[in-house]
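Colleague: Below is one structure. I have some questions about it.
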There are 8 protein chains.
Amino acid sequence: MDIRGYLAGEIHSNWRSEIIEGCSSVHLPISFMSPVLDHGASDGIGTDILGEETDAFWKDHKSSKVTAIRTRTLIERADVVVAKFGEDYRQWNTALDVGYAVAKEKPIVVLHPSSLGHPLKEVDAAAMAVAETPEQVVKILQYIVIKQDGIDS
Amino acid sequence: MDIRGYLAGEIHSNWRSEIIEGCSSVHLPISFMSPVLDHGASDGIGTDILGEETDAFWKDHKSSKVTAIRTRTLIERADVVVAKFGEDYRQWNTALDVGYAVAKEKPIVVLHPSSLGHPLKEVDAAAMAVAETPEQVVKILQYIVIKQDGIDS
Amino acid sequence: MDIRGYLAGEIHSNWRSEIIEGCSSVHLPISFMSPVLDHGASDGIGTDILGEETDAFWKDHKSSKVTAIRTRTLIERADVVVAKFGEDYRQWNTALDVGYAVAKEKPIVVLHPSSLGHPLKEVDAAAMAVAETPEQVVKILQYIVIKQDGIDS
Amino acid sequence: MDIRGYLAGEIHSNWRSEIIEGCSSVHLPISFMSPVLDHGASDGIGTDILGEETDAFWKDHKSSKVTAIRTRTLIERADVVVAKFGEDYRQWNTALDVGYAVAKEKPIVVLHPSSLGHPLKEVDAAAMAVAETPEQVVKILQYIVIKQDGIDS
Amino acid sequence: MDIRGYLAGEIHSNWRSEIIEGCSSVHLPISFMSPVLDHGASDGIGTDILGEETDAFWKDHKSSKVTAIRTRTLIERADVVVAKFGEDYRQWNTALDVGYAVAKEKPIVVLHPSSLGHPLKEVDAAAMAVAETPEQVVKILQYIVIKQDGIDS
Amino acid sequence: MDIRGYLAGEIHSNWRSEIIEGCSSVHLPISFMSPVLDHGASDGIGTDILGEETDAFWKDHKSSKVTAIRTRTLIERADVVVAKFGEDYRQWNTALDVGYAVAKEKPIVVLHPSSLGHPLKEVDAAAMAVAETPEQVVKILQYIVIKQDGIDS
Amino acid sequence: MDIRGYLAGEIHSNWRSEIIEGCSSVHLPISFMSPVLDHGASDGIGTDILGEETDAFWKDHKSSKVTAIRTRTLIERADVVVAKFGEDYRQWNTALDVGYAVAKEKPIVVLHPSSLGHPLKEVDAAAMAVAETPEQVVKILQYIVIKQDGIDS
Amino acid sequence: MDIRGYLAGEIHSNWRSEIIEGCSSVHLPISFMSPVLDHGASDGIGTDILGEETDAFWKDHKSSKVTAIRTRTLIERADVVVAKFGEDYRQWNTALDVGYAVAKEKPIVVLHPSSLGHPLKEVDAAAMAVAETPEQVVKILQYIVIKQDGIDS
């Protein structure tokens, strides 16, 4: 079974590459998708393409809409969504993505330090697994795609 | 047309009563639903009913699951979801609710101070209106239910 | 059987009241819903409530979004959508509403002068009936709700 | 990520080939679908295949139904719908397609001269991006499929 | 529990009134819906309202489309669909309604003489019950709405 | 908020009346639905109505199909499903109902003695709450319908 | 664009091979699916595999259920459903398949002699095209998959 | 036609390999999926990856949630679900999977000794076929994918 994982959330740490390399090192048949990780490019994409705005609200609005085309298309295609939360940002967009994915019946794996357990309790309750390290996520993904003798997937 | 509004988000200010009273004062045919607003009751509801937990994670988990029965049932019933964000908390649960409601094709009205425009840009982009005051929300709801001569709704 | 009809389209003629009065005069159990028919109010609703815009595009955008809350809520509730097209305006919003309603599996009755048959051919092909007069629409609605002896609806 | 774009709307200008060539020149993994662009063939397809009609309405009806098989099948398959509006025609079919696609939760990119902003305001409000040139559409599509180091899509 | 039953099929015998009276005599909280049972009215409804056609195909087409507004609206509202087949007509429309209702996850009760078991085998296999008499249908409906002590429905 | 609860499972103990009376004693706006609780009537309903079968399999089949009309109709109407498991029977039908309800996005409350935790672990994992006593279920339902000052539900 | 067509209906004439060969001769990228065409095999498949029945009803029931696994799986996969009706059989199963496919939003092409127009009027009204010959069906399919210069599909 | 079968249920007998080898020996284009069959691995997967629990309930909960990611993903991908029940275990999870799959409109083939007919009657009634041996399941699958002369599937 080939599956597709969408990696939502935190962009200033290397959790994505740890998961991707971890899966690659044990040859899991998983492909990964993510939002655009270049923060500046993402923030300005709307006005860069469609013309400047004097009002910051509409600049953000244009960019977020273009970004949403990508985000929703990828979530729709995902078999599983991994969402990483950290201490440093409000990451309302990540929680938004999780809520969207839950309603689309995508299984969610949440990744965050245990210190965030209380403020993330509703997000965790909507998830199928709550991990603290990328290694744990790799093991969960590995379990999902275990190949057994004589069975295709 | 009678409509139902779900009021998600911030519980330490009186924005809900301002909207409800504002709608009531102009006799709008709108009923309002909300999460349980007593923070302590909500946080402990799982263990209060179903037995104590030694691990804080499972205490939160139990409460969040019971809370989710209420939240999702109410969002399903809502015609419109109003979500209030403020400066003081991370409110990942509110963004989760918005994402869930968007995927369920519920129209969203977001209410927050303009200072939060940038971190909430993806939430705002998923909404049909972004308001800064409860009065604006009342006027939007009023527009939705305008009764016109000779037409039922 | 009580049914709900949504009356989309042209706002500068009195076709809505002809249908409503026609149904009323034969005591049909039908309630009618419509967009806000005061063109000025509708055009400016976004900025009237949520603050002015210097750019006409964003003024229109704000208003159209608020309007869409009403429109989609009403189409969701409708059992049948009647859409009136005329010679005078481009009425892309009406065709948009029809497309939306078709995808939501709402039966459509289109009302337009026969002279518009060719440019409206795809809209007509998506409809269950194509009428030229409000009287015909009344008769179609009457047929849908015919009460027969000994049967509830 | 390979995506599929459906190019709806205006058939008398070369906007489609500009988008397709623009995407091709930067090697985007996007395939494009469109309605049949030969206007005469499309208009007469129903009667050409299924037999003549004396009444123009039924001639149009037959053709529009056959066309709709193609249109809806392609919209269902599309990841993104680009809809081009121009000054010259009423293009109710294009707005119909947009409404249909919106209800099917397809992201929409609208392409039109700024002069059409007001009459298209509801269509624009239903879209994720509003572009004025094919080049802008190419850049939006490019953003959606950006390939990042170490990530599959 | 109040339920709604849609009575599809054969119109030249009195099976509908037998079911309705049977349910009424034991005070079941069931309301019944049906197609228009006046065959002539139904056959000509399209052209009666929307204008004559020279071609019998289009006459039938217009009527069937108007009829379908009623049929689909009622099937959508039904909790259970009862479909009666007899020896005398081809009743392709009844089988069409059953197929439509099955895909909409409506439970089907089929009513036909046992002699029709073989040609109706696929219809029967799509049903939850196959009855031979209206009395049996009444008893099935009675079972569905049995009121038990201390339970609401 | 009025809600509807479906009470699935065990029929040889009085857990249903304990929940219903518990809710009634604190005036909760909840109505309850259940399968037919008379075991003999339920087992023979198919052949009692539709004629005897010599083969036990088809006798069971007929009864289970008629029963399923009731069960699925009630689950569709439920806002919350409570499922009771006990030591004494295999209750595959109850687990079937839970699986069906989960896929229909109904929140599940499971009720069983803690001794059954391991064999019911997948059922529990699909639930929003796992209770051991009817009193706990009453309290959960009470939380879901808490009426707060100035808010409708 | 590669599409999949499901060929439902009449099995005693060679209309399927005419369509398949017609499409093949002009190299259309269409694959075809059909029910099992060996009438005897289909009729007895249930009891052949799962054991004899003394009652003809259950023999038919078993076979029809096994057949339905195939039929529904193929209809789900189809992009377009072609349904052939003839004078000789009641073909309630074919009308059942059409109703099912319509509710699943599959476009339908009906194929029948014009003499059957009246009894099939509701089926025809649910279709996107009504053909009299396999050649016409080939041309419709050809139109759906027309490949245009510079466009992928 | 390539199809995918999900093999749910009993893990202590070799029914899966009998079906897989049976299909393989007649070259059926079917791939098979299954839950993880190593009982110990499955039971402890949650705590093995995500950390120990002192409470058996939460140990089971963690494992069942991780398992459910796999189970639901595979059921979603399946064209047909085969569910095996035996005398020895309560197998509530298997009945849960069947209920879930039924609501997702997956055709079910149930496999069990005839002695279990009565307790499994609701499960059997939800299925398209009830088999007693793996050989029968192979024959059913073979029928579903029969390749006929001149037809693709």
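Colleague: Calculate how steeply helix C:56-77 sits against the longest principal axis of the alpha-carbon atoms of chain C, using the helix alpha-carbon long axis, and give the answer as 0 to 90 degrees to the nearest 10.
Modeller: 20
Colleague: Right, here's the next one. At 4 °C and 1.567 mPa s, grab the translational diffusion coefficient of region E:1-43 from Stokes-Einstein with a Kirkwood Rh over Cα pairs, rounded to a whole number in µm² per second.
Modeller: For these conditions, the coefficient is 114 µm²/s.
Colleague: Taking the C-alpha atoms of the protein assembly as shown, how large are the radius of gyration and the largest Cα-Cα span, Dmax, in Å?
Modeller: Rg, Dmax (Cα atoms, Å): 29.5, 82.
Colleague: Enumerate the amide H contacts of A:Ala131 below 5 Å, restricted to partners 5 or more residues apart or on another chain; note that Pro and chain-start residues carry no placed amide H.
Modeller: Under 5 Å from the amide H of A:Ala131: A:Val110, A:Leu111, A:His112.
Colleague: Mind pulling the angle between the C-alpha long axis of helix G:92-103 and the longest principal axis of chain G? Nearest 10 degrees, somewhere in 0 to 90.
Modeller: Compared with the principal axis, the helix lies near 50 degrees.
Colleague: Find the chain G residue whose Cβ sits closest to the rotation axis that carries G onto F, and give that distance in whole Å.
Modeller: Per the Cβ-to-axis criterion, the result reads G:Trp58, 3.
Colleague: Counting Lys and Arg as +1 and Asp and Glu as -1, each charge on the Cβ, what is the dipole of chain B about the Cα centre in debye, to the nearest 20?
Modeller: 340
Colleague: Under a 10 Å cutoff between Cα atoms, tell me which one of E:Pro134, E:Pro29, E:Pro119 has the largest fluctuation in the Gaussian network model of chain E.
Modeller: Of E:Pro134, E:Pro29, E:Pro119, the Gaussian network model singles out E:Pro119 as fluctuating most.
Colleague: Still on this model: By a straight-distance test (C-alpha under 17 Å), which lysines pair with A:Lys84 as possible cross-link partners, with residues fewer than eight away in the same chain excluded?
Modeller: Straight-line reach from A:Lys84, under 17 Å: A:Lys106, A:Lys121, A:Lys139.
Colleague: When chain D is treated as a GNM, springs tying every alpha-carbon pair under 10 Å, which of D:Lys84, D:Lys106, D:Lys62 comes out with the largest mean-square fluctuation?
Modeller: Result for chain D, Cα springs under 10 Å: D:Lys62 fluctuates most.
Colleague: Moving to a separate point now. Measure nothing fancy, just the Cα-based angle from helix A:39-50's long axis to the longest principal axis of chain A, in degrees from 0 to 90, nearest 10.
Modeller: Rounded to the nearest ten degrees, it is 50.
Colleague: Mean-square fluctuation check for chain F, GNM, Cα pairs under 10 Å: which of F:Ser25, F:Ser64, F:Ser42 is largest?
Modeller: F:Ser25
Colleague: Further, regarding this structure: Just need the relative contact order of region B:78-153 here, percent rounded to a whole number, with Cα pairs under 8 Å and 6+ apart.
Modeller: 27
Colleague: With a ≥ b ≥ c the root eigenvalues of the C-alpha gyration tensor of region C:1-88, is it rounded (a/c under 1.5), prolate (a/b larger than b/c) or oblate?
Modeller: prolate
Colleague: Taking a virtual spin label 7 Å from the Cα of D:Ser114 along the C-beta vector, which residues in region C:51-70 bring their backbone nitrogen under 15 Å of it?
Modeller: The answer is C:54-61, whose backbone nitrogens lie closer than 15 Å to the label point.
Colleague: Further, regarding this structure: In Å and whole numbers, how far do the C-alpha atoms of region E:114-153 stretch along each principal axis, longest first?
Modeller: Ordered largest first, region E:114-153 gives principal extents of 45, 19, 7 Å.
Colleague: While we're here: For region B:61-114, what class follows from the C-alpha gyration tensor (a ≥ b ≥ c being the square roots of its eigenvalues): rounded when a/c is under 1.5, otherwise prolate if a/b is larger than b/c, else oblate?
Modeller: oblate
Colleague: Here's a follow-up. In percent, what relative contact order does chain G have, based on Cα pairs under 8 Å that are 6 or more apart in sequence? Walk me through the intermediate numbers first.
Modeller: Details: 209 pairs, mean separation 42.4, N = 153.
Over chain G, the number comes to 28 percent.
Colleague: Provide the three semi-axes, in whole Å and in decreasing order, of the ellipsoid equivalent to region E:31-153 as defined by the square roots of 5 times the Cα gyration tensor eigenvalues.
Modeller: 31, 18, 12
Colleague: What FRET efficiency comes out for F:Ala56 versus H:Asp55 if R0 is 30 angstrom and r is the Cβ-Cβ distance? Round to the nearest 0.05.
Modeller: 0.10
Taken together, the values in this text are just the output of simple stated rules run on the coordinates, not laboratory data. Fair warning: this is a prediction, and the values are worked out from it, not measured in the lab. All Cβ positions, even for glycine, are placed from backbone atoms using ideal geometry, and neighbour counts span all protein chains on display.
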